1. What tally of residues in the stretch 267-284 results from selecting those that are under 21 Å from residue 338 (Cα atoms), in contact with a Phe, Trp or Tyr (Cβ under 8 Å, 6 or more places away or on another chain) and open to solvent by less than 70 Å² (accessible area, probe 1.4 Å)?
2. So residue 555 passes all but one of these: (1) open to solvent by 20 Å² or more (accessible area, probe 1.4 Å); (2) within 30 Å of residue 454 (Cα to Cα). Which condition number does it fail?
3. Kindly list the number of the only condition in (1) buried (at least 17 other Cβ atoms within 10 Å of the Cβ); (2) free of Cβ contacts under 8 Å to residues at least 12 places away in the same chain that fails for residue 588.
4. Looking at the stretch 742-751, can you tell me whether even one residue there is part of a strand (DSSP E or B), touching a helix residue (DSSP H, G or I) at 6+ places or on another chain (Cβ under 8 Å) and either closer than 21 Å to residue 142 by Cα or basic (Lys, Arg) (or both)?
5. How many residues are assigned to a loop (DSSP other than H, G, I, E, B) and either closer than 20 Å to residue 413 by Cβ or touching an Asp or Glu at 6+ places or on another chain (Cβ under 9 Å) (or both) if we restrict to the stretch 432-463?
6. What are the residues in the stretch 453-468 that are crowded, with 16+ Cβ neighbours inside 10 Å and modelled with pLDDT under 90, if any?
7. Would you mind telling me which numbered condition in (1) open to solvent by less than 30 Å² (accessible area, probe 1.4 Å); (2) assigned to a strand (DSSP E or B) residue 669 fails?
8. For the stretch 483-539, which positions are more than 24 Å from residue 66 (Cα to Cα), in a strand (DSSP E or B), of a type in the set (S, T, N, Q) and open to solvent by less than 40 Å² (accessible area, probe 1.4 Å)?
Amino acid sequence: MKIRLFVIFQFVIITCLAVEKNVTISGFIKDSEGEAISHAVVAFENTKYNTYSDDKGKYTLTAPKGKQILVISAFGYNTIRKTVDLSKTTKMNFVMQEKSVSLNEIEVLGQSNSKQIQQKVYTATNLDIQPVATSLNNLNTLVSRASGIRIREEGGVGSDYNLSINGLSGNAVRYFIDGVPLSVLGSGVSLANLPVNMVERIEIFKGVVPAELGEDALGGAINIITRENRNNYVDVSVGAGSFHTYKADFNAQYVHKKNGFTVRPSFGFNYSKNDYLMRDVEIWSEEEYKYILVDKRRFHDEYKSAFARLEAGFTNRKWADMALVSASYSTENKEIQTGRKQSIVIGDATREKESLNLLARYSKRNFLTKNLTAKFLLSYTNDHTLVTDTAFRIYSWDGTWVSTSFSEVSRRGKSIRHYIQPKIIFRTNFNYFIDEQRSLNLNYMMNKTGNKRYDDFDFVFVPTNDMLDKHFIGLTYNRLFWRDRLNTSFFVKDYIFHAVLKQKDLYWITGINDVPSSTTRNYVSYGVGGRITFVPEIAIKASYERSVRLPVTREFLGNGLTIYPNFKLRPEIAHNFNFGAFGEWNIHSRHVINYEAGVFVRKVQDYILRLSEGENHSQYKNVAAATVKGVEGEIIYDYNGVLSAKINASYLEERNKNRLTVLNKPDPTYNNRLPNRPWVFANAELSWNKRNPLGVKNSQLKIDYAFRYIQWFYLTWEAFGIASSKEVVPSQFAHDAVVSWSFAQEKYSLSLECTNIFDRKLYDNYMLQKPGRAFFGKFRVFIN
């Protein structure tokens, strides 16, 4: 028996390590005028074997012997599919025909991106923007409908929001743009106001985050991929809607065909008065001499933001695939209407943000040696936030006010507080293909952030200049087996945290006297992931990481007004488990069903949670232990590109696992669900397409409907109070719809969106009401 087991074991090892004999196919790819097409994708369908054409249009691809379908694709050209029988080294040239980009073509490319990210070992989702760019008003809308994702907004346009991935939210989730922290563009730039037209797709990583992204994360990551292609284009859209809302986006690209000189300008503008109706709010009635419930409009919630970026350099050159420099500027002005609860009404305080960024990036395949891809990035951002809080008043929802002895936001003295946070980010990434089955990735990133504070009004306030310095090093080894049917990944991450602390105020709250003014700490994380595909209809993946998340600036240093610093914060340490299954069924070529399901467990030590410290103040603190576990699933059905339906649902268990309080007494909230966290939610979407409606040629009519459901949840710890007095956020149902009509092969587009169709009272954070029924119209011009 032992001999049999040994023989079987040896056979498995030999099978896994065996590498089939490969052959090479090569040639040139040109357009109809004989010009070389660079950066065209050359791949064997449903395999990992792929490459790109170089500046001369030449490609070389090595793959195992056998009959395969060769696919050649490039933006702006008809895709070529050709069956080839690889028995020996072969040379084949291809001529690609130009074609105007249609919606169908973009959708095919989008499915390819989705499949690619699905085939990775990590639990991840890909959202393609271009198929919905005509009707999409902000990226938050699309992201919030993805499986396992919840975005909780505090109000209307420009309001603060909290995004959760599989239960973990806030700073446990990291945001990137093209693989670098989104914060390089400034603290005022987010998913909510980044121009939609400049984005190609969004990658969502759940739980385990790839080491090559170079940041610490506990719950996952959002990676925004901007548009990069070889064509010249202009994409502009304008829109207007309810509550005095206006929006404009502009994105364009010019590429010189001969020398590769590239210019990419982008611009985005958002404005809203946010004067939507607040229902059943309390005001004082002199006639009845008591507080009564009435409906009143918001009166101090105006928001406007602007973002501009100019990127220039060279692409697809022999010495660089990409060598670009960019300058961007963003500004945000926000009137503050409420505190943490809607009973705290604010009528004078404002927040302003202004950021300037300079960035340079370079990438090159076959850098110094064959099969080595190198990427470099250097960025400097000057970020300035100003909070004006000089009114000693308490407002009511009818706009009236009474004098007080404290300010509206800080609930202390008057202040005009400045926060200047210069940020330097340096990133370098090397990816080396050892052979067709093995690769190594080495990533290093430095993130250095200052925190200078001073006040123009409060002369008692002592100016300070703190500094947080983080270094991330990640090494990943990828190994493929059985012609990519088995994909494995092993990684290790090292985090170095350095802080220099100067502020001494509120020492009894911040703990500054209990920690050194300068400290350096080091933490190590590691993990493994795997994916195996049995048949196209069935594949499974699993991943594990011992993850580390360092406190971010907002948690560690506070915001100077409503969030106290906590210099004794410890990093979160978690055991992160993920298991999932996915697949695709093609039924008679017209019916396609995609499915994905997952189970996850996050066991967190020193979980960082924002806890209330009085009526309008809070502080981030370590909860000794918490466990987050749950299940999620999604099914997508498509009929011939005409009719599609999607439904996803998530169930979460987020519980406090701290048995004792800080006083070493039994914790009454042990095993309670974490408060103010949704634990059951679902989304459903239905989409219908009609080509050439009413006989209008080269046009397309599209109707989309979306439904979302959130189960009720406790606002505070469920262990406190009696059932009849506990604050509960009620169950919610929301319905949205959008109609879009495009003409002249997507050159012109019109869309009309209606959100919260049935005008329901919707809540998110701390019972803060969101807008009622709203309409938004959008006009888009895309010239390719």
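1. So in the stretch 267-284, the residues under 21 Å from residue 338 (Cα atoms) come out as 270-284.
Imposing the further condition that a residue be in contact with a Phe, Trp or Tyr (Cβ under 8 Å, 6 or more places away or on another chain) reduces the set to 270-276, 278, 281-284.
From what's left, open to solvent by less than 70 Å² (accessible area, probe 1.4 Å): 270-272, 274-276, 278, 281, 283.
So the answer is 9.
2. If we test residue 555 against (1) open to solvent by 20 Å² or more (accessible area, probe 1.4 Å); (2) within 30 Å of residue 454 (Cα to Cα), just (1) comes out false.
3. (1)
4. yes
5. 9
6. Correct list: 453, 458, 461, 464, 466, 467, 468.
7. Among (1) open to solvent by less than 30 Å² (accessible area, probe 1.4 Å); (2) assigned to a strand (DSSP E or B), residue 669 violates only (2).
8. Within the stretch 483-539, 488, 489, 519, 525 meet the criteria.
The values are calculated or read from the model by the stated rules, or taken from the named source; none is laboratory data. Being a predicted model, the structure only gives us computed values, none of them experimental. All Cβ positions, glycine included, derive from the backbone under ideal geometry; neighbour counts span all protein chains shown. Remember, those area values only see protein heavy atoms, side chains included, never the ligands or the DNA or RNA. Shrake-Rupley method; radii C 1.70, N 1.55, O 1.52, S 1.80 Å.
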